[in-house]
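The values are calculated or read from the model by the stated rules, or taken from the named source; none is laboratory data. Predicted, not measured: the structure shown is a model, and the values here were computed from it. Cβ sites come from the backbone with ideal geometry, for glycine too, and all protein chains shown count toward neighbours.
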């Protein structure tokens, strides 16, 4: 009988692992349980966060029991169920924070919108809105929005971090000013349309997002947004001891007028780097065909081309020597 014990034991262990993995996957897809079903949470809110806690430039009612329970549920979801996503963002995605901060400061948006980016992109697990890029933009901004964006078979500016952040900031700013909403309700309006938010405010007689019943995915997104800021600023309290990653910095060639199509492969060859790196810093370029086109439908295009930090001047000089550039400047 002993000779059958080991294989049977491992069959049972394998079945248990499959059940556990499936359960975790399903839970990640659903997000955290609602506070009433949460039971005992392992992590709470750090003791130094009290009534003076600010979010989006205003006092946030963190002491209100129902809100506190919602934030705690999201903190535990991020630290446990979505820990790999959270860690990746802290170590990798936060390198772009300087771009967000710079853009939001110019547009008059509170800095806390920085924490919304990873919630949109990575830390959502089934609750993110529809759209493309960091800010989930469905329709590109145009000159009437104050941000000219392109979307064609070669380029999608919704994937460009700097341009899409300007588009997002402009749209938030416009909603904020036109409808006189606070920044929380402005964000809700961005997610479910200003018209719907206006109807909700009229129906319930309040513009407080914590007193209006919002769609579950929107409530989860707002809660997770706040939870992420708390976790990031109190990493040691949650056992996440990491150094801040180096900012993602690159050189930018602006107002580039090409005399012929320029491929990603050619840029990589000139700078002796991998095409993957060139695509990483120029995410708006579609993988196929992977080029900066000189013209589309007979119209000459004006490009911004990113190069690895310290290599912008080298790239510009070589492009001029090879006859690619009619005009450009290095930022």
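Determine, yes or no, whether residue 215 is over 18 Å from residue 320 (Cβ atoms), in the same structural domain as residue 90 (by TED's automatic domain parsing) and surrounded by fewer than 16 Cβ atoms within 10 Å (Cβ to Cβ).
Details: over 18 Å from residue 320 (Cβ atoms): yes; in the same structural domain as residue 90 (by TED's automatic domain parsing): yes; surrounded by fewer than 16 Cβ atoms within 10 Å (Cβ to Cβ): yes.
Yes: the conditions hold for residue 215.
Checked against the criteria, residue 226 does not count as at pLDDT 95 or above, over 24 Å from residue 135 (Cβ atoms) and in contact with a strand residue (DSSP E or B) (Cβ under 8 Å, 6 or more places away or on another chain). When residue 226 is tested against (1) touching a residue at least 24 places away in the same chain (Cβ under 8 Å); (2) buried (at least 16 other Cβ atoms within 10 Å of the Cβ); (3) outside the structural domain of residue 74 (by TED's automatic domain parsing), exactly one condition is not met: (3).
Going by what's in this entry, would residue 192 be described as closer than 21 Å to residue 136 by Cα and either surrounded by fewer than 19 Cβ atoms within 10 Å (Cβ to Cβ) or touching a strand residue (DSSP E or B) at 6+ places or on another chain (Cβ under 8 Å) (or both)? Spell out how you get there, then give the answer.
Values: closer than 21 Å to residue 136 by Cα: yes; either surrounded by fewer than 19 Cβ atoms within 10 Å (Cβ to Cβ) or touching a strand residue (DSSP E or B) at 6+ places or on another chain (Cβ under 8 Å) (or both): yes.
When the stated conditions are applied, residue 192 passes them.
Taking (1) loosely packed, with under 15 Cβ neighbours inside 10 Å; (2) in contact with a strand residue (DSSP E or B) (Cβ under 8 Å, 6 or more places away or on another chain) in turn, residue 236 satisfies each apart from (2). Which ones in the range 45-62 are within 24 Å of the chain's Cα centre (by Cα) and under 12 Å from residue 237 (Cα atoms)? Result: 45, single match.
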